[in-house]
Structures are given as C-alpha cells and as structure tokens.
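Here is the structure we will look at, set down as structure tokens.
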Amino acid sequence: MQTIRTVDELRAVLAGHRRAGRTIGLVPTMGALHEGHLALVRAAAAGADVVVMSLFVNPTQFNDAGDLAAYPRDETRDAELADGAGVDVLFAPAVEEVYPTGFATTISVGGVSERLEGAHRPGHFDGVALVVTKLFGMVRPDVAWFGQKDAQQVAVVRRVVADLDLGVRIETVPTVREPDGLALSSRNVRLGAEDRVRALALR
Ligand code: PAF
C-alpha cells in the first residue's frame, strides 16, 4: 500500500493505473477505521482494480469545533487496517492540501440535506457534499463506496453526483453491527455507558 499526501502525487500514480486500463474505486473515510469501513474496502476490492481510501477528517462538515477536535485520530492504526483489508493507495492529505489559502467555494444541497440529521447539524451535508466532490475531482474514481448506515449522506452524495454530472457510480454496503445490534461507528468510543444502552434504540 502506498501512502500519498499530495494531489499531484495522487494524480501521477493513478494516471499510471488508468493508462494500464485499470478501474479505480474510492472508499472515502475520516479514519478511526472499524469493521464497517473494512467491509467497504472488501466490496471495493471486489469491484475495482485499484482501491483508493481517503483518510481526511473534513473540517467543513463539522458545525461544532469541539466535535472536530474530539474526533478520534490514529493514522498508524488506520494504515495497518487499510493495508490488511486490501487498500492499494491511502490518500491522507493535510487540511491545507484540500482547502488551500484562498479556498472560497461552497456547495449547498437543497431538499434531501435539509431534513432528519441535516435539520440538527446546519451545514453538515454541505460540507460532506463539498469534500466528496473535491475527492471525486482529485481521485476521479469510476466507483465510490459508502455505508448504508449513513443513508441520508448516501442520498446527498447521489444528488450531487446527478446534479453536477460527476460521472461516478455510487455503491453502498450494508451496515455492520455489534453483536447486540449497535451499528459500528467511529464515534461509538465517545458513548458513555448510559448512552451506549440508549443508542440501541436505533436499530
Ligand atoms: O462518512 C464519512 O466518514 C464522511 O462523511 C465522508 C464521506 C468520508 C466525507 O468526509
């Protein structure tokens, strides 16, 4: 597995794969990998010749600075898991690589992003739409894989791909759960004992 931090290097590596006729699959993540992410990687490895995983904690989708600061980060562990699951290229850019000085573009997705989680996290899905569009521009994948757990996110991504003619096929993978039914999530480590029990209502 190659770890790449810049868009220039990423483009050069992927151009070689494209010239060789290989299809490119993308698994976008914010790291803190768990079995749900690895299921996405396995699906991508079965469906594309080259699997790129992005590992980027995207600041524009956090509407709460405390939540961004507390988001779990462990790149060494993530890289080991990604490599073991079949990732070929780990794209782990710095924030300035994705949002350089002067960056001024926003994407606002109406309708589908306004209800449910979107109603409680203003701007969240606009940030997701922005970074996913950026990642699609950087990687130019044939296919990208997302978890069904984030159903509204999938609907938003599908909307953006259709509206902006991004030409990326979107595939989904079923939610991976703990034995008691709790959906795996990077944020589960932040649940206290009481909230961990209450979370089981979401099944
Ligand atoms: O689902 C996530 O982890 C993130 O929202 C995504 C799609 C990687 C964009 O930052």
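Is it the case that A162 is loosely packed, with under 11 Cβ neighbours inside 10 Å and assigned to a helix (DSSP H, G or I)? Yes: the conditions hold for A162. Take the conditions (1) under 25 Å from R18 (Cβ atoms); (2) touching a residue at least 40 places away in the same chain (Cβ under 8 Å); (3) of a type in the set (A, V, I, L, M); I170 misses just one of them, which is (2).
Being open to solvent by less than 10 Å² (accessible area, probe 1.4 Å) and assigned to a strand (DSSP E or B) is a property that G31 lacks. Q153 meets each of the listed conditions (1) assigned to a helix (DSSP H, G or I); (2) buried (at least 16 other Cβ atoms within 10 Å of the Cβ); (3) out of contact with any Asp or Glu (no Cβ under 9 Å at 6 or more places or on another chain) apart from (3). Checked against (1) part of a loop (DSSP other than H, G, I, E, B); (2) without any contact (Cβ under 8 Å) to a residue 40 or more places away in the chain; (3) buried (at least 20 other Cβ atoms within 10 Å of the Cβ), P141 passes all but condition (2). Of all the listed residues (T3, T76, T60), the sole one being in contact with a strand residue (DSSP E or B) (Cβ under 7 Å, 6 or more places away or on another chain) and among the hydroxyl-bearing types (S, T, Y) is T3. Between V109, V197, the distinction of being out of contact with any Leu (no Cβ under 6 Å at 6 or more places or on another chain), part of a loop (DSSP other than H, G, I, E, B) and farther than 25 Å from R5 by Cβ belongs to V109 only.
Looking at region 124-136, can you tell me whether even one residue there is buried (at least 18 other Cβ atoms within 10 Å of the Cβ) and more than 13 Å from the ligand (Cβ to nearest atom)? No, region 124-136 contains no residue that is buried (at least 18 other Cβ atoms within 10 Å of the Cβ) and more than 13 Å from the ligand (Cβ to nearest atom).
Among the residues of region 107-123, not one is basic (K, R) and either touching a Ser or Thr at 6+ places or on another chain (Cβ under 8 Å) or open to solvent by less than 10 Å² (accessible area, probe 1.4 Å) (or both). Consider region 39-98 and keep the residues that are of a type in the set (S, T, Y) and open to solvent by less than 50 Å² (accessible area, probe 1.4 Å). The one that is modelled with the lowest pLDDT is Y71.
The values are calculated or read from the model by the stated rules, or taken from the named source; none is laboratory data. In this text the structure is predicted, and so the values were computed from the model without any measurement. Neighbour counts run over all protein chains shown; Cβ positions are idealised from the backbone, glycine included. For accessibility, only protein heavy atoms count, side chains too; no ligands or nucleic acids. Shrake-Rupley method; radii C 1.70, N 1.55, O 1.52, S 1.80 Å.
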